[in-house]
Amino acid sequence: MALDKLQSLKSAISEAIKAVYDHDVDQTTLVLSETKKEFDGDYTVVVFPFTKVLRKKPEEIANSLGAWIKEHKSDVISDFNVIKGFLNFSLPDNFWKDAMAGLKVQEDQGIAKSGSSKVLVEYSSPNTNKPLHLGHIRNILLGWSTHKILAAVGHDVEKTKVVNDRGIAICKSMLAWQMDEESKTPEKSGVKGDHLVGDYYVAFEKRFQAEYQPWQQSADGQAAYEARKNKDQSEAAFFKAHKNKYFNEKSAIGKAARDLLISWEQGDPKVRELWSTMNGWVYKGWEATYDQLGVSFDFKDYESETYLLGKDIIKEGLEKGTFYRQEDGSVWVDLEDRGLDKKILLRSDGTSVYITQDLGTAQMRYKDHGAEKMIYVVGDEQDYHFQVLFEALKKLEEPYADGLYHLSYGMVDLPTGKMKGREGTIVDADDLIAEVIGEVRDAAIERGELEEITQEEREDIYRKIGLAALKFFILKVNPKKRMVFDPKESVDMQGQTGPYIQNAYVRIMSMLRRIDEDKLGSYGAYANIDPSEKSLIITLMNYPEEVAKAAKHYDPSLIANYTYDLAKKFHKFYHDVRVLSAESAEAKAFRLTLCRQVADTLEHAMDLLGIEMPPRM
């Protein structure tokens, strides 16, 4: 295996430290990295960590170790040099050829099956009051890629979502539909179902604002604003609380929406029928979007079914004294001893809040699926919610509580600024997908590409490139960072983009179609391996470790940035050396074998991101 070759170098370093300084070192603590391009060498080990225990200057340690290894392990290194405390090794040609052979025979790209847990990954989990938007796309892509990465390292992974199919948000859309004289349907209006329900949600907000804004300017509203001056609260937080207080206590349309929610919880047949119909419109619309993104779920949970389980858990918590009831009848949990505060679990009128159903869902998933770990892919605005949820479950001493993880991610903005769902300014997922694919199509037509194939084949390639642009641009950013998505920048063939990486793959496949790989012959006599070839092999050898790190940290951006680095090094290699017209048969065999390994690794890594490779571009 390729990594065994590196282990021989680590062993040599360890032996040298023992021989020269009579000091034992754990080989697993030795870190080898690719030598920086401005210095001679292939691999570098930093000796600064040894200065304290060996009581020598770093340059002295590096020189003595390098000299010992060159004298006693000439089969491992060909030369060395020292730059301050950095010991740089040059490795012989047989190292690279043996490493190449090891890469070629690896199954599943050499990824170690280090995981064995049953893991549930929850993603998407939208409200049934609007279509999926750009924020949902980041959520979906993170969840899908995380499940692929965890499965790659050996975990038994299932994909799920909880559909927030009840609550005040859907009641707002339902009420707006009832108030609309036309009472539109997707069939009558020609509008996709999830978009139609979203339009009604926006219509409700407009009606509410027509009530709220005059009150805001009234004496009562101004008095509430003046009262804020003595409170330690941000302007944005105040206005949100100000509006919510009006909605819950004074708004006529707000009361109508709350009454609709109570009727739903009481099982009113007419309310339930409308709720079922409108949710059905949304589900059909969502499925079309999921299909476009190439994602799916193994099962789905519905809040309308799980919130009652949450009420049962709350009842048990009350009986145990873990939770407590206020005088108004609401139920709370006190988490002040855990660095949080007191959190409501059930309203005074008996209706549930979001955490109610989350308590029930977690317990149900553990019982029904045996999940040892549950990964919740949810935006960072819900950080506090999940801290409370996890601590509440720990306080209940649930056996699965320690296996819960919130994969928190930052919001996505556009170059034009933030999105606001209630105002109808969100960027619809369907429109965004169409826009990115359209950018790819327009660029291809302008360059006169793909004219020799059928229109159907062209459209499939446009789709694969467009979705690669969208997915890669989002996934290359660390989940915790807020980001800006720029559709035009995402399709740049020369930037850090999905199409740039696809181009490397397509270039390789074009070369491989022109030769018979089975008749390449041996590269055993190939000598003087080029630095760009070495850099590619080092990067390929690092792939299993990158996948392991991505799984450990639930971070697909590590894979995305790895693929970009590998593609960039391939493009340099392609520029620096001849491949099909190589100077010898051995050089051609070596380089095409290396190209095949690069293509296979790019395809495997991009698949972990949910990205397909096109046959041509």
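Between Gly102, Gly41, the distinction of being within 29 Å of Ala605 (Cα to Cα), small (Gly, Ala, Ser), in contact with a strand residue (DSSP E or B) (Cβ under 6 Å, 6 or more places away or on another chain) and not assigned by TED's automatic domain parsing to the domain that holds Ile149 belongs to Gly41 only.
Restricting segment 461-515 to residues that are assigned to a helix (DSSP H, G or I) and without any contact (Cβ under 8 Å) to a residue 40 or more places away in the chain, which is surrounded by the most Cβ atoms within 10 Å (Cβ to Cβ)? The residue in question is Ala469. Counting only residues that are assigned to a helix (DSSP H, G or I), farther than 15 Å from Thr351 by Cβ and touching a residue at least 40 places away in the same chain (Cβ under 8 Å), which one in segment 239-274 is nearest to the chain's Cα centre (by Cα)? Among residues in segment 239-274 that are assigned to a helix (DSSP H, G or I), farther than 15 Å from Thr351 by Cβ and touching a residue at least 40 places away in the same chain (Cβ under 8 Å), the one nearest to the chain's Cα centre (by Cα) is Leu274. Exactly one residue out of Lys56, Lys97 is charged (D, E, K, R), in a helix (DSSP H, G or I) and modelled with pLDDT under 95: that is Lys97.
Could we say that Gln213 is in contact (Cβ under 8 Å) with a residue 12 or more places away in the chain and assigned by TED's automatic domain parsing to the domain that holds Leu308 here? Here the answer is no, as Gln213 does not meet what is asked. Exactly one residue out of Ala587, Ala599 is closer than 28 Å to Gly294 by Cα and buried (at least 17 other Cβ atoms within 10 Å of the Cβ): that is Ala599. Considering segment 31-47, the residues that are assigned to a loop (DSSP other than H, G, I, E, B) and surrounded by fewer than 19 Cβ atoms within 10 Å (Cβ to Cβ) include one that is farthest from the chain's Cα centre (by Cα), namely Asp40.
Scanning segment 71-102 for residues that are surrounded by fewer than 18 Cβ atoms within 10 Å (Cβ to Cβ) and charged (D, E, K, R) yields Glu71, Lys73, Asp75, Asp79, Lys84, Asp93, Asp98. Selection of first residues in segment 162-185 that are closer than 19 Å to Gly360 by Cβ and of second residues that are in a helix (DSSP H, G or I) and of a type in the set (Ser, Thr, Tyr), restricted to Cβ pairs under 6 Å at least 6 apart or on distinct chains, gives the following pairs, ordered by first then second residue: Val162/Thr361; Asp165/Ser304; Arg166/Ser304.
For Ser296, the conditions (1) at pLDDT 95 or above; (2) among the small types (Gly, Ala, Ser); (3) not in a loop (DSSP other than H, G, I, E, B) are fulfilled apart from (3). If you go through segment 577-589 and keep only what is touching a residue at least 40 places away in the same chain (Cβ under 8 Å) and part of a loop (DSSP other than H, G, I, E, B), you end up with Val577, Val579, Leu580, Ser584. Against the numbered list (1) touching a strand residue (DSSP E or B) at 6+ places or on another chain (Cβ under 8 Å); (2) more than 30 Å from His406 (Cβ to Cβ), Tyr554 comes up short only at (2).
Each row is one residue, and each column tells you yes or no for (1) surrounded by 14 or more Cβ atoms within 10 Å (Cβ to Cβ); (2) touching a strand residue (DSSP E or B) at 6+ places or on another chain (Cβ under 8 Å); (3) of a type in the set (S, T, N, Q); (4) under 17 Å from Met174 (Cα atoms).
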position	(1), (2), (3), (4)
Tyr200	yes, no, no, yes
Phe208	yes, no, no, yes
Trp215	yes, no, no, no
Ser218	no, no, yes, no
Ala223	no, no, no, no
Ala241	yes, no, no, no
Ile253	yes, no, no, yes
Leu260	yes, no, no, yes
Arg272	yes, no, no, yes
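Listed by position, the helices (runs of 4 or more DSSP H) contained in segment 125-192 that have at least 1 residues being touching a strand residue (DSSP E or B) at 6+ places or on another chain (Cβ under 8 Å) are 134-152, 168-179.
Restricting Tyr564, Tyr554, Tyr526, Tyr574 to residues that are touching a residue at least 12 places away in the same chain (Cβ under 8 Å), in contact with a Ser or Thr (Cβ under 9 Å, 6 or more places away or on another chain) and at positive phi narrows the list to Tyr554. Small (Gly, Ala, Ser), at pLDDT 90 or above, within 25 Å of Ser352 (Cβ to Cβ) and crowded, with 23+ Cβ neighbours inside 10 Å, is that true of Ala152? No: the conditions fail for Ala152. With the structure loaded, tell me whether Val295 is over 30 Å from Lys118 (Cα atoms), assigned by TED's automatic domain parsing to the domain that holds Cys171 and surrounded by 12 or more Cβ atoms within 10 Å (Cβ to Cβ) or whether it fails that test. Considered against the rule, which asks whether it is over 30 Å from Lys118 (Cα atoms), assigned by TED's automatic domain parsing to the domain that holds Cys171 and surrounded by 12 or more Cβ atoms within 10 Å (Cβ to Cβ), Val295 comes out as no. The single condition among (1) under 37 Å from the mean Cα position of the chain (by Cα); (2) not in a helix (DSSP H, G or I) that Gln7 does not satisfy is (2). Among all residues of segment 48-59, there is none that is closer than 24 Å to Lys534 by Cβ and either hydroxyl-bearing (Ser, Thr, Tyr) or not assigned by TED's automatic domain parsing to the domain that holds Glu533 (or both).
Residues that are of a type in the set (A, V, I, L, M, F, W, C) and in a helix (DSSP H, G or I) within segment 61-76 comprise Ile61, Ala62, Leu65, Ala67, Trp68, Ile69, listed in sequence order.
Just checking, does segment 552-563 include any residue being within 30 Å of Lys373 (Cα to Cα) and of a type in the set (Asp, Glu)? Looking for residues that are within 30 Å of Lys373 (Cα to Cα) and of a type in the set (Asp, Glu), one finds at least one in segment 552-563, hence yes.
The values are calculated or read from the model by the stated rules, or taken from the named source; none is laboratory data. This one's a predicted model, so the numbers in the text were calculated from it and none came from an experiment. We place every Cβ from the backbone using ideal geometry, glycine too, and count neighbours over all the protein chains shown.
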